[in-house]
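Everything on this sheet refers to the single structure shown next.
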């Protein structure tokens with residue numbers, strides 16, 4: 001598995017600042033590993049806006065190895081941001097109002113021309129977990145079975161309560177903003193790898209996506225690596241929570257692959273209840289009810305997470321991850337989600353104080 005994290009770049013006052021290009025140049029001048037389209041991990045990359053930057057881990061097997069990679073990536077990115085006159089912060093939307101500046105490049109310019117306001121207002125940061133699979137057939141079998149559980153991963157990661165200087169009432173407003181893209185959100189079962197490829201080709205042909213890399217499903221076949229890419233989570237405030245999301249994502253993929261091999265059919269057929277489950281998770285995170293399979297009826301968040309853990313227990317035991325996942329969950333329940341922490345900090349020192357605390361927590 002590997003993890004890609006997107007971060008916000010802010011100035012001394014906590015306002016988003018467009019220094020991504022300068023940060024990447026500073027990183028590479030300092031001997032940093034350049035990003036490689038064919039090889040995951042290690043580099044620093046620009047994103048859609050100059051106020052964002054992205055890192056990725058190398059493929060990892062052990063959670064301890066993944067945790068070390070995530071922390072190292074955050075440190076490297078923070079150092080590059082500092083050299084460019086900015087600071088790194090792992091929040092999924094900016095608490096403080098600020099500008100967006102489109103990154104240089106023909107593809108980004110084409111996106112801005114085609115998708116207009118959606119691009120101009122798209123300053124959101126997510127966490128993408130890649131899990132290796134044998135081939136496209138296994139990957140699509142996994143996609144067809146993990147969808148009903150993905151909102152629980154979102155609820156565990158929620159880290160974007162603020163937008164343009166106000167409390168949105170959501171724990172993850174990022175997910176709501178992200179779903180403005182025409183290819184974003186949950187999907188119904190595809191049934192076969194060919195059906196998935198046909199769906200992607202059809203969306204590109206309509207102009208809803210410029211290319212396969214703009215297929216923004218909550219979980220998809222990666223266009224770059226031989227992986228299932230789970231994209232539903234906010235970027236996590238703390239590296240520990242990113243490790244938790246990654247461990248659960250890998251166990252979801254393994255569990256779904258075993259179900260497919262054993263002949264168990266997918267448990268859902270329609271997108272509408274999945275959209276409702278995603279909205280519910282975004283609205284209240286772990287503070288309210290979540291919808292869990294097979295019925296997708298509301299249960300308290302603690303019960304939903306417990307049901308997810310029961311569903312994944314065999315895979316987590318076989319990978320040796322169960323104890324670590326339980327410890328990470330205990331820490332999350334004790335301190336709260338990133339959205340919980342941001343709101344607590346806002347009560348103490350307003351939105352600029354939120355950014356100051358979040359900058360520290362990003363590297364904690």
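Any read-out appearing in this document is the output of simple, stated calculations on the displayed coordinates, not a laboratory observation. Treat the numbers as computed from the prediction; the structure is a model and nothing was measured. Here the Cβ is made from the backbone with ideal geometry for all residues, glycine too, and neighbour counts use every protein chain on show.
For the range 234-287, what class follows from the C-alpha gyration tensor (a ≥ b ≥ c being the square roots of its eigenvalues): rounded when a/c is under 1.5, otherwise prolate if a/b is larger than b/c, else oblate? Show your work: numbers first, answer last.
On the way: a/c = 3.82, a/b = 1.25, b/c = 3.05.
Oblate shape, in that a/c is at least 1.5 and b/c is the bigger or equal ratio.
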* To do: Compare 88, 117, 286 in a GNM of the chain, Cα atoms joined below 10 Å, and give the one with the largest fluctuation.
  => 117
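Only counting other Cβ atoms within 10 Å, I'd like 216, 162 sorted with the fewest neighbours first. Don't skip to the end; give the middle numbers.
On the way: 216 18, 162 24.
Ascending Cβ contact count within 10 Å gives the list 216, 162.
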* To do: Using label points projected 7 Å from each Cα along Cα→Cβ, tell me how many nm separate residue 334 and residue 356, to one decimal.
  => 2.6 nm
* Asked: From the Cα gyration tensor of the chain, with a ≥ b ≥ c the square roots of its eigenvalues, which class applies: rounded if a/c is under 1.5, or else prolate if a/b is larger than b/c, or else oblate?
  -> rounded
* Asked: Which distance in nm do the two modelled labels at residue 313 and residue 107 give, with both placed 7 Å along the Cα-to-Cβ direction?
  -> 4.3 nm
* **Tensor-based shape of the range 187-229 (alpha-carbon gyration tensor, a/c under 1.5 rounded, otherwise prolate or oblate)** => oblate
* Once every DSSP H run of n ≥ 4 in the chain is given -39500 (n - 2.57) and the sum is divided by its residues, what mean residue ellipticity at 222 nm do you get, rounded to the nearest 500 deg cm²/dmol? -> -15500 deg cm²/dmol
* Asked: Once both labels are modelled 7 Å past Cα along the beta-carbon direction, what's the residue 264-residue 68 spacing in nm?
  -> 3.4 nm
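If you count the DSSP beta bridges with both ends in the chain, what percent of them are antiparallel, to the nearest 5?
On the way: 33 of 35 bridges.
In the chain, DSSP labels about 95 percent of beta bridges as antiparallel.
With 10 angstrom as the radius, rank 58, 130, 268 by how many other C-beta atoms surround their C-beta, starting from the fewest.
On the way: 58 14, 130 27, 268 19.
By the 10 Å Cβ count, ascending: 58, 268, 130.
Starting with the fewest neighbours, write out 199, 284 ranked by other beta-carbon atoms found within 10 Å of each beta-carbon.
199, 284
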